[in-house]
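Participant: Here it is: the structure, laid out below.
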Amino acid sequence: MSGALGHSVLWLLLLAAGEVAALEPVSVGLAIGVVSAFTGYLSYEDLYCRFAECCVAERRLNASALKQDLEEKLFGQHLATEVILKALVGFKSNKNPKKPLTLSLHGWAGTGKNYVSQIIAENLHPRGLKSNFVHLYVSTLHFPHEQKIKLYQDQLQKWIRGNVSACASSVFIFDEMDKLHPGIIDAIKPFLDYYEQVDGVSYRKAIFIFLSNAGGDLITRTALDFWRAGRKREEIQLKDLEPVLSLGVFNNKHSGLWHSGLIDRNLVDYFIPFLPLEYRHVQMCVRAELQARGVTVDEDVVTKVAQEMTFFPKDEMIYSDKGCKTVQSRLDFY
Ligand SMILES: Nc1ncnc2c1ncn2[C@@H]1O[C@H](COP(=O)(O)OP(=O)(O)O)[C@@H](O)[C@H]1O
Ligand SMILES: *[C@@H]1O[C@H](CO)[C@@H](O)[C@H](O)[C@H]1NC(C)=O
Ligand SMILES: *[C@@H]1O[C@H](CO)[C@@H](O)[C@H](O)[C@H]1NC(C)=O
């Protein structure tokens with residue numbers, strides 16, 4: 001077959017493959033197999049995944065890439081880095097998980113909870129938050145009206161079910177979990193449990209990530225105790241924070257989050273604390289943001305922006321009020 005003809009056949013089949021991306025992979029696979037036989041240099045995945053985003057349930061997590069990402073991009077969060085790495089590597093290397101992976105991220109605003117979720121998402125599905133297999137829900141945005149809870153519940157259950165049916169390794173991120181109505185948490189609960197299947201769908205390869213500020217004040221207090229005792233931030237260990245979190249989050253009946261019994265039933269696999277950020281971390285955020293904008297890093301600007309942030313407690317001024325949250329918008333003035 002001539003090269004030109006080979007290529008037009010290829011394009012026709014590719015167009016077809018693109019349009020029927022939802023078609024079961026076998027038939028698309030066959031079509032691509034035929035094309036590959038003609039052209040001889042294209043692999044199944046190369047082709048199929050170029051036109052339709054692929055959900056490769058068995059895609060291996062590149063642990064060293066995730067480690068590198070966390071260590072280079074996430075500042076001042078040694079505990080989160082450690083736990084997230086361990087949790088994801090363990091979960092992704094388990095061929096038969098007994099339940100979906102559920103992470104609960106806690107900490108002050110602007111300390112990197114959304115940011116780390118984005119890093120996790122990108123390491124699981126290359127298109128990250130833009131992937132068809134990664135879903136971000138923000139309580140106040142997606143579920144704002146209390147009188148519509150019933151509707152939200154039905155909708156969300158339908159979405160999770162539909163999305164996990166389409167891609168077992170789907171990722172669901174819930175931001176502002178502490179503002180989420182307990183009724184909605186109840187609606188998610190069955191998916192997080194140890195069931196083999198729920199109505200014929202298995203949720204065991206999915207990942208749920210909950211973000212909240214709950215416990216942030218207590219985490220901050222612990223960090224402050226360390227600082228006042230002259231101990232290094234990096235010396236803080238999980239066991240220093242576990243009792244703190246359990247008091248502030250697990251047993252706090254006012255933290256709406258836990259009315260739903262997620263805790264009692266042990267459905268959350270890892271509680272991950274985010275420490276408050278210090279002046280030096282804010283500086284690092286500014287540098288990173290300048291680099292991301294392709295601007296040379298001017299230390300004067302770094303200092304100016306970092307100094308504009310507000311710090312607490314009043315006497316010592318150690319931790320940034322909003323973490324790194326407003327760094328980006330402040331930089332627009334320079
Ligand atoms: N620990 C951190 N390391 C690096 N960048 C951070 C960190 N914390 C916050 N940032 C920056 O600040 C922005 C806002 O943080 P975000 O993750 O949204 O905070 P939140 O904890 O409230 O979810 C992020 O997009 C990121 O650029
Ligand atoms: C994993 O990531 C590392 C660092 O980014 C990269 O050098 C390596 O090639 C990757 N390995 C695989 C199998 O993709
Ligand atoms: C997947 O979830 C999104 C919302 O995150 C929703 O719009 C979409 O309809 C869901 N897909 C299926 C197949 O249910």
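The values are calculated or read from the model by the stated rules, or taken from the named source; none is laboratory data. Predicted model only: the values in this text are computed from it and were never measured. Neighbour counts run over all protein chains shown; Cβ positions are idealised from the backbone, glycine included. Keep in mind that these areas ignore ligands, DNA and RNA; they rest on the heavy atoms of the full protein, side chains included. Shrake-Rupley method; radii C 1.70, N 1.55, O 1.52, S 1.80 Å.
Participant: State whether one or more residues within the stretch 301-322 are within 20 Å of GLY112 (Cβ to Cβ), crowded, with 21+ Cβ neighbours inside 10 Å, hydroxyl-bearing (Ser, Thr, Tyr) and away from ligand 2 (no atom under 16 Å from the Cβ).
Facilitator: Scanning the stretch 301-322 turns up at least one residue that is within 20 Å of GLY112 (Cβ to Cβ), crowded, with 21+ Cβ neighbours inside 10 Å, hydroxyl-bearing (Ser, Thr, Tyr) and away from ligand 2 (no atom under 16 Å from the Cβ).
Participant: Just wondering, is there one or more residues in the stretch 268-277 that are open to solvent by 90 Å² or more (accessible area, probe 1.4 Å) and either more than 16 Å from ligand 2 (Cβ to nearest atom) or not assigned by the TED database to the domain that holds LEU218 (or both)?
Facilitator: no
Participant: Could you check the stretch 108-140 and list, in sequence order, the residues that are β-branched (Val, Ile, Thr) and open to solvent by less than 70 Å² (accessible area, probe 1.4 Å)?
Facilitator: Selection gives THR111, VAL116, ILE119, ILE120, VAL134, VAL138.
Participant: Follow-up question, since we're still on this one. For the stretch 114-137, which residues satisfy the criterion of being within 11 Å of ligand 3 (Cβ to nearest atom) and touching a strand residue (DSSP E or B) at 6+ places or on another chain (Cβ under 7 Å)?
Facilitator: Across the stretch 114-137, the qualifying residues are PHE133, VAL134, HIS135, LEU136, TYR137.
Participant: A further question on this structure: Counting only residues that are within 21 Å of the chain's Cα centre (by Cα) and open to solvent by 40 Å² or more (accessible area, probe 1.4 Å), how many does the stretch 216-238 have?
Facilitator: 1
Participant: I'm told GLY183 meets every condition in (1) closer than 26 Å to ASN94 by Cβ; (2) in contact (Cβ under 8 Å) with a residue 12 or more places away in the chain; (3) more than 16 Å from ligand 1 (Cβ to nearest atom) except one. Can you identify the failing condition by its number?
Facilitator: (1)
Participant: How many residues does the stretch 141-173 contain that are farther than 21 Å from ASN213 by Cα, surrounded by 13 or more Cβ atoms within 10 Å (Cβ to Cβ) and aliphatic (A, V, I, L, M)?
Facilitator: Of the residues in the stretch 141-173, 5 are farther than 21 Å from ASN213 by Cα, surrounded by 13 or more Cβ atoms within 10 Å (Cβ to Cβ) and aliphatic (A, V, I, L, M).
Participant: I'm trying to understand the selection: among the residues of the stretch 174-215, which are surrounded by fewer than 17 Cβ atoms within 10 Å (Cβ to Cβ) and at positive phi?
Facilitator: If the condition is that a residue be surrounded by fewer than 17 Cβ atoms within 10 Å (Cβ to Cβ) and at positive phi, then ASP199, GLY200 are the ones that fit.
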